[in-house]
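One structure is given below, encoded as structure tokens.
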Amino acid sequence: VDFQKIIAVATKRGIFQPAFDAYGGLAGFLDYGPVGVRMRRRILEVWRKHYVINAGCLELDGALIGPEALFQASGHLGEFDDALVDCNECGKQFRADHLVENGEDMSRTDLAKAITNVVCPNCSSTLSEMSAFNLMFSTSVGAGKGTLGYLRPETAQSIFLAFPWLLRQNRGKLPFAGAQIGRSFRNEISPRQGPLRMREFTQMEVEHFFLPTNEPALSSELKNTKINLLPANGKERQITIGEAFDS
């Protein structure tokens with residue numbers, strides 16, 4: 001796929017364009033034009049109608065910035081990272097798992113071994129040892145030294161933290177589901193062109209809460225609905241939702 005052609009068409013037709021283009025651009029960020037805004041709004045409206053209005057999920061709109069303690073507890077500070085390598089000559093940085101065949105399926109130990117045989121795609125020089133790069137954007141909250149905070153990398157934390165509050169809104173009854181549409185931020189090492197793997201993006205998320213002893217059953221209609229899934233081995237197959245749950 002020629003993403004440059006896609007971006008050119010999207011820009012010409014008012015769908016989206018790279019942000020800050022007048023100042024050289026900043027990879028991973030987009031501006032949506034008149035057509036793009038309408039398309040995006042329509043997608044959000046369809047999603048909200050299905051999950052919030054029809055399915056009865058409790059909608060939440062959580063804060064974008066969270067304290068360090070939150071992401072320490074969730075594991076994001078220690079584990080929300082990508083494997084990074086630097087070129088020893090030109091200084092370019094790369095995701096290690098993008099430079100090795102099937103790298104995204106490897107453990108960090110195996111990836112570190114495999115990357116030793118790879119050279120820089122830009123200048124063919126040697127690469128540095130692999131290191132972990134945390135994907136969260138940090139910020140200072142308040143005046144002076146302030147308090148360390150982070151832009152949320154996903155919307156799930158807001159829903160989990162609001163569980164007691166949402167439970168009260170549901171009159172203390174389980175099961176229920178929390179839904180949220182909102183912006184998330186990830187400091188990707190190598191954001192892709194166009195609206196793929198961006199550094200700022202919109203997520204639509206639902207979290208279901210129920211007692212383990214009273215797991216909601218799938219309706220017969222839903223259980224027999226066929227969907228296409230792409231397993232880790234890369235071979236697409238069509239199965240029913242019931243089969244997917246049982247496998």
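Evaluate the relative contact order of the chain (contact order divided by residue number), counting alpha-carbon pairs under 8 angstrom at least 6 apart; express in whole percent.
19
For the pair V37/L196, report the inter-label distance in nm, with labels modelled 7 Å from Cα in the Cβ direction.
2.8
Output the pairs from K5/K92; K92/K113; K113/K235; K49/K173; K12/K92 with a Cα-Cα distance over 29 Å in this structure; if there are none, say none.
Beyond 29 Å between Cα atoms: K12/K92.
The range 6-52: D in µm²/s via Stokes-Einstein (Kirkwood Rh, Cα pairs, 10 °C, 1.306 mPa s)?
Roughly 136 µm²/s, to the nearest whole number.
Looking at the chain as a GNM with Cα springs under 10 Å, which of D110, D61, D31 has the largest mean-square fluctuation?
D110
Considering only L218, L196, L111, give the residue with the highest GNM mean-square fluctuation for the chain, with springs between Cα atoms whenever their separation is below 10 Å.
Sorting by GNM fluctuation, first place goes to L218.
Where Lys and Arg each count +1 and Asp and Glu each count -1, what net charge lies around I115 among other residues with Cβ under 14 Å from its Cβ?
After counting each charged neighbour, the total is -4.
Calculate how steeply helix 3-12 sits against the longest principal axis of the alpha-carbon atoms of the chain, using the helix alpha-carbon long axis, and give the answer as 0 to 90 degrees to the nearest 10.
Compared with the principal axis, the helix lies near 60 degrees.
Do any GluC sites (Glu not before Pro) in the range 72-105 lie in a loop, going by DSSP, with at most 12 other beta-carbon atoms within 10 Å of their beta carbon, and if so which?
Hits after loop and neighbour filter: E101.
Excluding residues fewer than 8 places away in the same chain, name every one of the aspartates and glutamates whose C-alpha is closer than 17 Å to that of K226.
E236, E243, D246
Give a quick list of trypsin sites (Lys or Arg not before Pro) in the range 61-150 that DSSP marks as loop, anything other than H, G, I, E or B, with at most 12 other Cβ atoms within 10 Å.
K145
Cα centroids of the range 101-138 and the range 14-57: how far apart, whole angstrom?
Spelled out, the Cα-based centre of one part sits 32 Å from the other.
Please identify every one of the GluC sites (Glu not before Pro) in the range 126-206 that sits in a loop by DSSP and has no more than 12 other beta carbons within 10 Å of its own beta carbon.
Within the range 126-206, the qualifying GluC sites (Glu not before Pro) (loop, at most 12 other Cβ atoms within 10 Å) are E129.
Values quoted throughout were computed directly from the atomic coordinates according to the rules given, and no laboratory measurement underlies them. None of the values given here were measured: they were computed from a predicted structure. As a convention, Cβ positions derive from the backbone with ideal geometry for all residues, glycine included, and neighbour counts pool all protein chains shown.
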